[in-house]
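Only one structure is covered here, and it is reproduced in the block below.
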Amino acid sequence: MTESYKKNSITLPGAVAMGTGVMIGAGIFALTGQIAELAGPLFPLSFVVGAIVTAFSAYTYIKISNAYPSAGGIAMILEKAYGPTTVAAGASLLMALSMVINESLVARTFGTYTLRAFGGDPDSILVPALGVGLIVFAYLVNASGTRSVGLVSIVMALLKVSGIALFGVSALWASGLSFEATGGDAGTTGFVASIALSILAFKGFTTITNSGAEITDPHRNVGRAIILSISICVVIYLLVAFAVGSNLPLDRIVAAKDYALAEAAQPALGQTGFYLTVALALVATASGLIASVFAVSRMLAMLTDMKMVPHSHFGMPGTIKNHTLVYTVVVAGFLTVFFDLSRIASLGAFFYLAMDIIIHLGVFRHLRQEISAQSWVLLTAVVLDAVVLIAFATMKWQSDPLIVILGLVGMALVFLFVGIFLARNPVNDDDHDHDRH
């Protein structure tokens with residue numbers, strides 16, 4: 001497997017750019033309105049609490065990634081915690097699926113904002129068509145090599161972080177620093193449920209974990225990149241949340257939840273600001289998708305190398321990494337066509353939070369002494385994830401029970417699938433004792 005990866009091919013700035021690229025791509029443009037719909041006027045605070053919950057989760061990933069940086073980071077964490085078992089393989093696939101779901105979320109957001117620039121219908125068939133086009137573009141960039149991904153990620157991250165920060169400051173200034181998104185009360189359950197989407201807005205930091213073996217000085221820089229990317233994003237998220245809330249009443253934010261930033265830019269900055277915000281959305285979603293495709297294809301390749309999931313070439317030439325790249329974009333394209341933004345985000349939250357709980361429990365039970373992790377931090381991460389997951393599932397059961405059923409059935413099928421595969425193809429020690437460091 002080592003021949004498929006290039007050590008030291010991703011610098012610390014490149015790793016930070018990849019993490020922020022995935023987070024900002026989905027977190028700001030796709031989720032701000034959905035979070036406001038659940039949290040009500042307290043939606044900026046939801047980002048703060050989401051960052052706190054993410055910080056507890058990130059502790060686990062940083063501790064183990066600093067000790068064992070890997071090109072398939074999360075799959076490696078689960079394998080070390082549980083061995084080559086159904087739990088490890090199933091949870092790894094949940095993470096991979098949550099990342100692919102995130103890609104379809106970002107792709108549809110790209111389509112939605114593109115149509116807004118031309119006054120098109122956000123419910124048009126062109127939305128998924130444009131999203132699939134972006135996925136194909138992300139595939140071509142990734143197929144061209146690791147250094148292309150790193151360079152594109154850095155350039156686009158600089159553009160969108162500076163541009164979005166400028167949007168936030170300008171919109172706040174134009175509003176006279178007043179907060180218009182008042183009224184309504186989502187209640188405690190609604191606010192806690194909104195944190196699930198806020199966490200989803202930060203989960204892009206795992207992109208860095210999944211690229212650990214290719215980052216320069218990974219034992220130090222993986223953790224640094226995670227901390228820096230989360231810190232940058234929480235500042236950007238808060239700035240933009242207050243900017244949106246200062247220019248639109250809550251009902252308009254909810255009504256325009258799939259393109260809330262573009263809607264907020266028009267009263268604050270005029271038509272020019274509207275088009276600049278759309279342009280930023282296109283840059284942000286494109287870079288986020290490129291970075292996410294890069295990471296998830298490597299994670300699937302790691303699982304294949306561990307012989308914990310089946311693999312078929314389907315007649316394709318090239319390495320396993322090339323094949324998993326194709327699988328990633330095909331599944332992302334399918335979801336982009338058949339699911340709307342709200343359901344995509346919900347599925348991603350269910351899968352990610354379930355996987356996150358499994359990781360923290362595994363590290364607590366089997367690895368905490370080996371990596372010198374604090375037990376209370378690991379257990380706090382489990383409790384916080386569980387509370388948020390239960391609240392989110394409760395809210396979704398009331399408003400869209402089908403997505404809760406799809407989430408539960410999807411998770412059950414994932415574990416059943418890998419359980420049957422591993423029962424028929426047991427993994428020997430030699431099969432998963434490969435170079436992960």
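The values are calculated or read from the model by the stated rules, or taken from the named source; none is laboratory data. The structure presented is a predicted model; accordingly, all values stated were derived computationally and were not measured. Here the Cβ is made from the backbone with ideal geometry for all residues, glycine too, and neighbour counts use every protein chain on show.
Quick grid of which residues meet (1) in contact with a helix residue (DSSP H, G or I) (Cβ under 8 Å, 6 or more places away or on another chain); (2) at pLDDT 70 or above; (3) among the charged types (D, E, K, R):
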position: Ala117; (1), (2), (3): yes, yes, no
position: Asp121; (1), (2), (3): yes, yes, yes
position: Gly145; (1), (2), (3): no, no, no
position: Phe167; (1), (2), (3): yes, yes, no
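For the stretch 399-434, taking the residues that are of a type in the set (D, E, K, R) and surrounded by fewer than 12 Cβ atoms within 10 Å (Cβ to Cβ), the one that is modelled with the lowest pLDDT is identified as Asp433. Tallying residues that are buried (at least 24 other Cβ atoms within 10 Å of the Cβ) and more than 17 Å from Leu42 (Cβ to Cβ) within the stretch 260-281 yields 6. Put simply, of Ala138, Ala171, Ala213, Ala196 the only residue that is modelled with pLDDT under 80, assigned to a helix (DSSP H, G or I) and within 20 Å of Ala96 (Cα to Cα) is Ala213. Considering only residues in the stretch 174-193 that are modelled with pLDDT of 75 or more and not aromatic (Phe, Trp, Tyr), the one that is surrounded by the most Cβ atoms within 10 Å (Cβ to Cβ) turns out to be Ala193.
Okay, residues lined up against (1) of a type in the set (Asp, Glu); (2) touching a Leu at 6+ places or on another chain (Cβ under 6 Å); (3) buried (at least 24 other Cβ atoms within 10 Å of the Cβ); (4) not in a loop (DSSP other than H, G, I, E, B):
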| site | (1), (2), (3), (4) |
| --- | --- |
| His323 | no, no, no, yes |
| Val329 | no, no, yes, yes |
| Phe334 | no, no, no, yes |
| Arg343 | no, no, no, yes |
| His360 | no, yes, yes, yes |
| Phe364 | no, yes, no, yes |
